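So the structure is just underneath, and the comments pick up after that.
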Amino acid sequence: MPTFEATADVAAPPSTVWTTLLETSRWPSWDPHLESVAGSLDPDGRVEIRVRGTSRPFRLRVTEHRPGERLVLAGGMPLGLFVGTRTYALVPSGAGTRVTMRETYTGPLAGLIGRSVPDLQPSFDAFVQGLRADAEAAAGSVQSAGSEEQR
């Protein structure tokens, strides 16, 4: 059963990384495999992700929403026959944040369907590195604005 995971150390506080993560319209700029993302990552929210080269969108719901700490999205087949669960975890690390993105599959059909899941690792790696770059840019602009206010 495949599991995909990517981690990045971000030179920005968890609050900045969290705000950046919730900007779903930016996700396709971080992950070249994504065509679009629509919807809301608010508690009990739903998103629709369109992947390049596929006609079927992935519809996910927010199953856990802990600001600045953890976001969990899940989707799959009725009756829990196959469930994909994607978790974004943010942990303070020094002056920054360690971000981990992980996807697992469960349910009676997980073994069968899991064999047909393509290698998502390049997409995961691109996403966390893009999130890192965007959050660090946002943190830098906040620090620059604060420095100018002090002058």
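Values quoted throughout were computed directly from the atomic coordinates according to the rules given, and no laboratory measurement underlies them. Predicted, not measured: the structure shown is a model, and the values here were computed from it. In this analysis, Cβ positions are derived from the backbone assuming ideal geometry, glycine residues included, and neighbour counts consider all displayed protein chains.
When Ala12 is tested against (1) surrounded by fewer than 19 Cβ atoms within 10 Å (Cβ to Cβ); (2) on the phi < 0 side of the Ramachandran plot; (3) more than 13 Å from the chain's Cα centre (by Cα), only condition (1) is not met.
Of the residues that make up segment 76-85, is at least one in contact with a helix residue (DSSP H, G or I) (Cβ under 6 Å, 6 or more places away or on another chain) and of a type in the set (Ser, Thr, Tyr)? No - not one qualifying residue is present in segment 76-85.
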